[in-house]
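None of the figures in this text is laboratory data; all of them are computed from the coordinates on show. Because the structure is predicted, anything quoted here is derived from the model rather than measured. Please note: Cβ atoms are built from the backbone with ideal geometry, for glycine as well, and neighbour counts cover all protein chains shown.
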Amino acid sequence: MKHNEFIREDRLPTFWCGGCGYGQVMNSITRAFEKAGVTLNDTVLVSGIGCWGHVDSFLKVNAFHGTHGRALAFATGIKLANPELNVVVALGDGDGVTIGGNHFIHACRRNIDLTAILCNNYNYGMTGGQYSSTTPEHSITSTSPYGHIEPGFDICKLAEVSGARYIARSISENVTQTAEYIAEAMSKKGFSFVEVLTPCTTHYGRNNAMKHPPELYRWLKSTVVPAAAAAKMTEDQLRNKFIIGKLYDRPGQDYGTRYRDEIQAKGIEDLAKKE
Amino acid sequence: MNTWEIRFAMGNEAIAEGALAAGARFYAGYPITPSSEIAEIASRRLPQVGGVFIQMEDEIASIAAIIGASAAGKKSFTATSGPGVSLMQENLGVAVMSEIPCVIIDVQRSGPSTGLATKPAQGDVMQARWGTHGDHGIIALAPSSVQECYDLTIKAFDFSEKYRTPVYLMADEVIGHMREPYVLHEAAGLVSRKQPDPSEPGGDYKIFDFERYDDHIAPMPPYGGKYIFRMNGSMHDEAGFGCGASDNADKFIRHYEDKITKNRDDIVMTESYNMEDADYVLVSFGCSARSAMAAMRLARQEGEKVGVLKLMTLWPFPDKEVAAALKKAKAAVVPEMNLGQVASEVSRYNERKIPVIGVNRVDGSMITPYQILDALKGLYLKGLSLKGL
């Protein structure tokens, strides 16, 4: 299928604000679907709650739109119940690693065969721009009017130490690059993770003296360093920077395959017949 | 396996075996006393029958995983106790809103909070009914023996599949850990989830279009077949797309309630003992029903006309059965290990306004037959010798 054929044109326009990066990420997803040869019937898009959580309603694949923060837990059940399904999970920063942080680290650790695409816009857009666990220090948000005093997560590092199989980071305006990472993530068996840095023009930008979308895009770009360049930089130079690119790719059996292989190797089903 | 065999086992084992007999092939849970044996047995037994067991990071994830697995076509269940049930409430609403079958075993213990972790209670009755926010119908069954643990677990799956709803099995620490013989029989006439008519074209499928069907239950294909569909915990239309229209929300919320209450005759299960001539009716359930049965036998030995109405379905509440039981009685006694959650319901269907006496314990100890008879002796049966005790 061609990438534009995955979009439900009758549901357009999206409800996302002008300047928001989510349309770009949705574009990357459909291009990745085309590249990966995704079929509608065998694919389930599991989404969380938040602005990004609405992405499922604009795509033609199966969907599961559950509760805030729990998408990975629903997706775990779907994938383990039917390993033939291609399960893609749409997460936000509030949804995926703040309220849902526990599910995130455990899905990484178990290496469940899912592809998670997390859009990080540094705040809770849908509820009015409150701070999340990725909001940079000193940021102004609607709940940190005097400047945010908590450090934010580096989600890709969190995914790495938690055991994810594949990790990449991109920014939303790099549509083609992001699509390549998502397609590669889908081709890997195990927990694959793509973080996409996205601008929230309505809240984060406006609250932090970047009222016009181009200012916010320029700022986002100034915070990232390509992996190749980062390799030559010192720790000091990399402070407060996000490394973009393919960050991690390691072998390892996914949970579902291992579960089934162990049962077979230990003859558990045959043992039961003898009982 | 023979068509049946007799086993001597604890209630929790019978629940796990009942789930397997009902066709459950997916379990996700988090360890918690006094339900943990169910997880342990599921972890051993499910791989033997081609099923999947997973221990999740918490109860929120556990119920999410069983809901997901059910949407993918597997009969799924979890087991927990009060603190876990509390954590599950939000996602239970997803199963209500998306009409996804699943079974939640609640082996009740004393609360609130961590409470008396190893002691029995029956304090989750109202939580099962109203725990998740928003109006909805719910089914809750309460076993009072090891045999009923097995049989009602099978029933719980049947109701869950038939009505596309989450179902609670409300055991308690006593019933879950008590050992008795039970007959492990093959489950006959299991309900399978209704599937779309094969003539229905594939592609986009309206999984919530209940009005098309006489029984108001829409078929539910699994993910991965010829139908493409959207499950949605937000208010949605027939196709699962988010929909904020007032008439749509009104239609669906009433549907979630109606599909349970309108089928109450099919779902409500009670048993009557010596009710034909009973002047005094003991209405009880779960472990307290055992005490009520003993009290009844002792009273009958002394010629007093005491009967028992045992509730095996707690929700939808057996309103007609309770009303009928109270019709000719002089008084009703409701023994329960809480401060009157079922007694308040009994009072709602007490047309003649006879006295409804609560016998309640919340100290983690079972109600004794003596306590039940003492309540009657104090008010009515002054001649009771209680020598049998």
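Tell me which residues, restricted to the stretch B:87-143, are more than 14 Å from chain A (Cβ to nearest Cβ), among the polar types (S, T, N, Q) and touching a residue at least 40 places away in the same chain (Cβ under 8 Å).
B:Gln108, B:Ser110, B:Thr118, B:Gln122, B:Gln127
Among residues belonging to the stretch A:242-270 that are of a type in the set (A, V, I, L, M, F, W, C) and within 10 Å of chain B (Cβ to nearest Cβ), point out the one that is nearest to A:Val194 (Cα to Cα).
Per the criteria, the residue is A:Ile263.
Within the stretch A:20-33, can one find any residue that is surrounded by fewer than 21 Cβ atoms within 10 Å (Cβ to Cβ), touching a residue at least 40 places away in the same chain (Cβ under 8 Å) and over 23 Å from A:His3 (Cβ atoms)?
No: the stretch A:20-33 contains no residue that is surrounded by fewer than 21 Cβ atoms within 10 Å (Cβ to Cβ), touching a residue at least 40 places away in the same chain (Cβ under 8 Å) and over 23 Å from A:His3 (Cβ atoms).
Let me confirm something: among B:Ile67, B:Ile54, which residue is of a type in the set (A, V, I, L, M, F, W, C) and either more than 9 Å from chain A (Cβ to nearest Cβ) or closer than 30 Å to B:Arg254 by Cα (or both)?
Numbers: B:Ile54 fails: either more than 9 Å from chain A (Cβ to nearest Cβ) or closer than 30 Å to B:Arg254 by Cα (or both).
It is B:Ile67.
Being touching a residue at least 40 places away in the same chain (Cβ under 8 Å), aliphatic (A, V, I, L, M) and touching a helix residue (DSSP H, G or I) at 6+ places or on another chain (Cβ under 9 Å) narrows it down to one of B:Met56, B:Met10, so name that one.
B:Met10
Hey, among A:Val44, A:Val87, which residue is facing chain B (nearest Cβ under 7 Å), surrounded by 24 or more Cβ atoms within 10 Å (Cβ to Cβ) and assigned to a strand (DSSP E or B)?
Just a single option satisfies the conditions, and that option is A:Val44.
I'd like to verify a number: residues in the stretch A:118-172 that are closer than 27 Å to A:Lys189 by Cα and not small (Gly, Ala, Ser), how many? Give the steps one after another, and end with the answer.
Narrowing the stretch A:118-172 to residues closer than 27 Å to A:Lys189 by Cα: A:118-120, A:153-172.
Add one more test, that the residue is not small (Gly, Ala, Ser), and what stays is A:118-120, A:153-158, A:160-161, A:165-167, A:169, A:171.
Adding up the residues that qualify gives 16.
So, A:Asp42, is that one touching a residue at least 40 places away in the same chain (Cβ under 8 Å) and in contact with a Gly (Cβ under 8 Å, 6 or more places away or on another chain) or not?
yes
Go through the stretch A:154-187 and report how many residues are assigned to a loop (DSSP other than H, G, I, E, B) and surrounded by fewer than 19 Cβ atoms within 10 Å (Cβ to Cβ).
Final tally of qualifying residues: 4.
Please specify each residue of the stretch A:62-84 satisfying the condition of being in contact (Cβ under 8 Å) with a residue 24 or more places away in the chain and either more than 7 Å from chain B (Cβ to nearest Cβ) or among the small types (Gly, Ala, Ser) (or both).
Passing the criteria: A:His68, A:Gly69, A:Ala71, A:Leu72, A:Ala73, A:Ala75, A:Lys79, A:Pro83.
In this structure, is B:Gly286 at positive phi, in contact with a Lys or Arg (Cβ under 8 Å, 6 or more places away or on another chain) and not hydroxyl-bearing (Ser, Thr, Tyr)?
Here the answer is no, as B:Gly286 does not meet what is asked.
Just the residues that are under 19 Å from A:Asn174 (Cβ atoms) and either out of contact with any strand residue (DSSP E or B) (no Cβ under 8 Å at 6 or more places or on another chain) or aliphatic (A, V, I, L, M) (or both), please, taken from the stretch A:211-224.
Passing the criteria: A:Pro213, A:Pro214, A:Glu215, A:Leu216, A:Tyr217, A:Arg218, A:Trp219, A:Leu220, A:Ser222, A:Val224.
Results for (1) surrounded by fewer than 12 Cβ atoms within 10 Å (Cβ to Cβ); (2) more than 15 Å from B:Gly50 (Cα to Cα); (3) among the charged types (D, E, K, R); (4) in contact (Cβ under 8 Å) with a residue 60 or more places away in the chain, shown as yes or no for each residue.
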site: A:Ala228; (1), (2), (3), (4): yes, yes, no, no
site: A:Tyr248; (1), (2), (3), (4): no, yes, no, yes
site: A:Lys266; (1), (2), (3), (4): yes, no, yes, no
site: A:Glu269; (1), (2), (3), (4): no, no, yes, no
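Looking at (1) part of a helix (DSSP H, G or I); (2) within 22 Å of the chain's Cα centre (by Cα), find the lone condition where B:Val334 falls short.
Tallying (1) part of a helix (DSSP H, G or I); (2) within 22 Å of the chain's Cα centre (by Cα), B:Val334 fails exactly one: (1).
Quick test of your reading of the structure: B:Thr78 fulfils all but one of (1) in contact with a strand residue (DSSP E or B) (Cβ under 9 Å, 6 or more places away or on another chain); (2) more than 8 Å from chain A (Cβ to nearest Cβ); (3) without any contact (Cβ under 8 Å) to a residue 60 or more places away in the chain; (4) surrounded by fewer than 24 Cβ atoms within 10 Å (Cβ to Cβ). Name the failing condition by number.
For B:Thr78, the exception is condition (4).
Output the number of the condition that A:Asp56 fails; it satisfies all remaining conditions of (1) within 30 Å of B:His133 (Cβ to Cβ); (2) charged (D, E, K, R); (3) touching a helix residue (DSSP H, G or I) at 6+ places or on another chain (Cβ under 8 Å).
Single failed check for A:Asp56: (3).
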